[in-house]
Each structure stands twice: as structure tokens, then as C-alpha cells.
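Colleague: One structure, as C-alpha cells, below. Some questions next.
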Amino acid sequence: MPNSYFRFKQFIVQQDRSVQKVCTDACILGAWFAGKIPAGSRVLDIGSGTGLLMLMIAQKNSSEIQGIEIDPASYQQQLENIEACKWKERLRSFSGDARKYSFPGKFDFIISNPPFFESDLLSKSEQKNIAKHSKALTLEDLIKISENYLETHGSIGVLLPFHRTSYFEELAGKYSFCVLEKLLIRQTPRHPYFRTILHLSRDKGKDTSLFELTIQNEQNEYSEGFTALMKDFYFNF
């Protein structure tokens, strides 16, 4: 059974009532963008769960960060995690469906760890299906929301299963978004890629920068790259 909380260097994520537990790939997403977002930006986290990404960004960035979460239990836990952190004055959370919500203004950066799956492997728990399957938010929904609420100069950060990367890139292209950066993630050098992080914008004048991250080395120890990325957040680094 997962721990009821996850302790980082500067904050704690309580997660006992949320189906969206802290996981390594979500932490990579937060760490990858926390230092990239320009200071003073307006940031939106779509499907913000326990508030993990909001807290990671707030630790390294002075931006105003807002999140929206559809699951009531996760939303309440997010409020508790925000209230307990040192950056709560810059964090704001909404409860609701991002597809229907009328946000107050536009954003410079939108980040999301969206539901991964379509109709396969559905759970008996509707709460888990909403969190993990695209029943409440499809990848096209995510792009449409970004199209409506992203500033012209803004960009998007998204975590995907590796096998859905090409599909999302093609989908984003239909809405005039292009890939600025692509991070391919694998567990060890022996494993294939299993996650992709994409950084997208409407700036068509830039080529895509490609990066790779291997979480563990051949000795099953955390790699230098992973340790360098997570050292500001993980206690044991």
C-alpha cells in the first residue's frame, strides 16, 4: 500500500485520499520544467491532483501557479498540501472540469500529467478511471484548453506514455503547436523508452531539441542525470 504522504526536501505531499499518488515520472515532469518557466509567469496545472507539480514549480520559481482538479477527494487533499507549504500565497486551486471551466485570464505556461489510457483496462473505481483514463479529459481536450487559455508567447509541458507521443505531436500540429523540446525516459539502459515529456509552443521558428533520461544505471543505482535533475527535491540526493 502506498505511503499516506511523500516527503520532499522543502514540502510534504499528503496523498492518502487521492488516487493520483506521487510517482517517479510525475516528479521528473515537475523537475524538468520547474527551472525553465520564466519568473513572474502565470502557470496553470490541468488535472493538478494532490498539487505535486504546483509545489515543485513553486519551490524553484516565483510564478503565480493555479491548478484545477475534477476529483473532489484529490482537490481537498490538494488544498491541505497548499495550505501547509511556504508558498501558499502564490498558489490557487479550482475544483471542476477543465473542459468547462472559465479561467480568470490566460496563462504563460500550462503543465499537465493527463490521463494516459483510452477505454482499455478500465477499473471498477470510477475515481480511478477519471484520474487514469481519458474519460474526463482527452489529449485533444488538453490541446483545445491550451489553445483557448495560453498566451500567444506561452508554452505547454505534458507527460505522455511513449507510445502516444507521435499521436499527440500530430494532434498538437493541427492546432498550430510545435515541439520545442522532447525528453525520452527509460528505466535503465536495458529498457525501452516508456515515457515522453514534450515542451510545445506556437513558435514555428525553432527546431526540436531532443534529450534522453535513464533513471537507473546498469548497477540499478540512480543515474547521474536523474540525480542531478532531482537533487533539489529528493531527500536522499
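The values are calculated or read from the model by the stated rules, or taken from the named source; none is laboratory data. For clarity, every value in this text was computed on a predicted model and none was experimentally measured. Note that each Cβ is placed from the backbone with ideal geometry, even for glycine, and that neighbours are counted across all protein chains shown. Ligands, DNA and RNA are excluded from the accessible area calculation, which covers all protein heavy atoms including side chains. Shrake-Rupley method; radii C 1.70, N 1.55, O 1.52, S 1.80 Å.
Colleague: When only residues in segment 141-180 that are open to solvent by 40 Å² or more (accessible area, probe 1.4 Å), in a strand (DSSP E or B) and not acidic (D, E) count, which is farthest from F103 (Cα to Cα)?
Modeller: Within segment 141-180, the match that is farthest from F103 (Cα to Cα) is H153.
Colleague: Another question, if that's okay. Checking the condition of a type outside the set (D, E, K, R), under 21 Å from E147 (Cβ atoms), buried (at least 18 other Cβ atoms within 10 Å of the Cβ) and out of contact with any Gly (no Cβ under 6 Å at 6 or more places or on another chain), which residue from L183, L229, L198 passes? Steps first, please.
Modeller: Details: L183 fails: under 21 Å from E147 (Cβ atoms); L229 fails: under 21 Å from E147 (Cβ atoms).
From the options L183, L229, L198, the qualifying one is L198.
Colleague: Given the conditions (1) free of Cβ contacts under 8 Å to residues at least 40 places away in the same chain; (2) surrounded by 12 or more Cβ atoms within 10 Å (Cβ to Cβ); (3) assigned to a loop (DSSP other than H, G, I, E, B), report the number of the one that Y234 does not fulfil.
Modeller: (1)
Colleague: Here is a check on your reading of the model: is F94 in contact with a helix residue (DSSP H, G or I) (Cβ under 8 Å, 6 or more places away or on another chain), hydrophobic (A, V, I, L, M, F, W, C) and either within 25 Å of L160 (Cβ to Cβ) or crowded, with 19+ Cβ neighbours inside 10 Å (or both)?
Modeller: Values: in contact with a helix residue (DSSP H, G or I) (Cβ under 8 Å, 6 or more places away or on another chain): no; hydrophobic (A, V, I, L, M, F, W, C): yes; either within 25 Å of L160 (Cβ to Cβ) or crowded, with 19+ Cβ neighbours inside 10 Å (or both): yes.
No; evaluated as a whole, the condition is false for this residue.
Colleague: Scanning for something assigned to a helix (DSSP H, G or I), aliphatic (A, V, I, L, M), under 30 Å from Q216 (Cβ atoms) and open to solvent by 10 Å² or more (accessible area, probe 1.4 Å), does segment 3-16 turn up at least one residue?
Modeller: Within segment 3-16, none of the residues are assigned to a helix (DSSP H, G or I), aliphatic (A, V, I, L, M), under 30 Å from Q216 (Cβ atoms) and open to solvent by 10 Å² or more (accessible area, probe 1.4 Å).
Colleague: Considering each of G51, G35 in turn, give the residue that is touching a residue at least 12 places away in the same chain (Cβ under 8 Å), closer than 27 Å to T227 by Cβ, open to solvent by 10 Å² or more (accessible area, probe 1.4 Å) and small (G, A, S).
Modeller: G35
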